[in-house]
1. If I go through the stretch 90-104 residue by residue, how many of them are under 14 Å from the mean Cα position of the chain (by Cα) and either not in a helix (DSSP H, G or I) or not charged (D, E, K, R) (or both)?
2. Report, ordered by the first and then the second residue, all pairs with beta carbons closer than 7 Å, sequence separation of six or more or different chains, a first member in the stretch 41-52 that is among the acidic types (Asp, Glu), and a second member that is assigned to a helix (DSSP H, G or I) and within 10 Å of the ligand (Cβ to nearest atom).
3. Can you tell me which residue among Val24, Val34 is at pLDDT below 95, out of contact with any His (no Cβ under 7 Å at 6 or more places or on another chain) and either among the β-branched types (Val, Ile, Thr) or more than 14 Å from the ligand (Cβ to nearest atom) (or both)?
4. Quick test of your reading of the structure: Glu38 fulfils all but one of (1) in a loop (DSSP other than H, G, I, E, B); (2) among the acidic types (Asp, Glu); (3) within 14 Å of Gly134 (Cα to Cα). Name the failing condition by number.
5. Take the residues of the stretch 75-100 that are surrounded by 13 or more Cβ atoms within 10 Å (Cβ to Cβ) and of a type in the set (D, E, K, R): which is modelled with the highest pLDDT?
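The values are calculated or read from the model by the stated rules, or taken from the named source; none is laboratory data. Everything numeric in this text was worked out from a predicted model, so none of it was measured. Positions of Cβ are backbone-derived with ideal geometry, glycine not excepted, and every protein chain shown enters the neighbour counts.
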Amino acid sequence: MDQRLDQRLNDALNLLLEAERAGVIALDKLIAEVEQDELRNFLRGSRDMEQRNAEELEALIRDNGGAPSSKTGPFADKVAALGTIRERLALMSHGQEWAARKTEVALALAPESGAIHDYLTAMANRHRAEVEWGRAEVIRLMNAS
Ligand SMILES: [Fe+2]
């Protein structure tokens, strides 16, 4: 594609890309610390989703004439700085909410139809679902042990 991606949209997509990368690192650390198998499997699923999002966002930016960032967001360090697994899980859930909001911000900057619009719509829905489901699941699993 020879058209350049709108700078504000490019930046909004890169913010998401950097955050998804940070999510992968944060989840990898958490997975190593969690002892319950079920909770670990749940977190692995989230981790794989974050990894996929990062790869797909990078391709989306590049394929639409943008410049994908190579950075990673500050989120993983914030999670790691917390003292307990429970606090880290709670911050992960807030992180998903933040990502859903920022995805909607990017969506508002995107053309009303096309690949970017469709991708961001699906990504916002995935994050909203993950927030709801994850919150319930984490509470259930933490109480089960
Ligand atoms: Fe995410």
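1. Here the count works out to 10.
2. Close Cβ pairs satisfying both conditions: Glu50/Glu20; Glu50/Gly23; Glu50/Val24; Glu50/Leu27.
3. Val34
4. Here Glu38 meets the rest and fails (1).
5. Lys78
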